[in-house]
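Some notes on the structure that comes next.
The values are calculated or read from the model by the stated rules, or taken from the named source; none is laboratory data. All values derive from a computational prediction rather than experimental measurement. All Cβ positions, even for glycine, are placed from backbone atoms using ideal geometry, and neighbour counts span all protein chains on display.
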Amino acid sequence: MTDSILPCEDFYEHVCGGWLRGTKVPRHRYFTSTRLEAQWAVESSIIGLRNTKGTKPLENLLDKYGIPRWPILHEQFQIDVMRALADMIRDLGLSAIVSVRVAPDSHDTRKHIVYV
């Protein structure tokens, strides 16, 4: 927020001015956000880990869940994909691929429905 500019004079500058002046958008991006900055930090960290430890941790993970390194090359490749995904989500603390939540119905806010 920019306290030197009153909200009635320029609301956008009052609310966003400090953020606009203090935030650097990388040259290869045309916008940024806190979520994107966090995503880029995680991606950078993952690449750093891969460069340091190689692919061995990934290979171990694939072995643990019975996934061949090159499944397309195995004619007899059989895996219970749902079981493997469920095990990975459980073991690795990952978020589910699909989110399920209960929230007010957008057509009738007196009712709650399950959103998938």
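At a glance:
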item: Scan of the stretch 8-58 for residues that are modelled with pLDDT of 85 or more, acidic (Asp, Glu) and assigned to a helix (DSSP H, G or I), ordered by number; result: Glu13, Glu43
item: Conditions (1) farther than 25 Å from Gly93 by Cα; (2) touching a Pro at 6+ places or on another chain (Cβ under 8 Å): number failed by Leu62; result: (1)
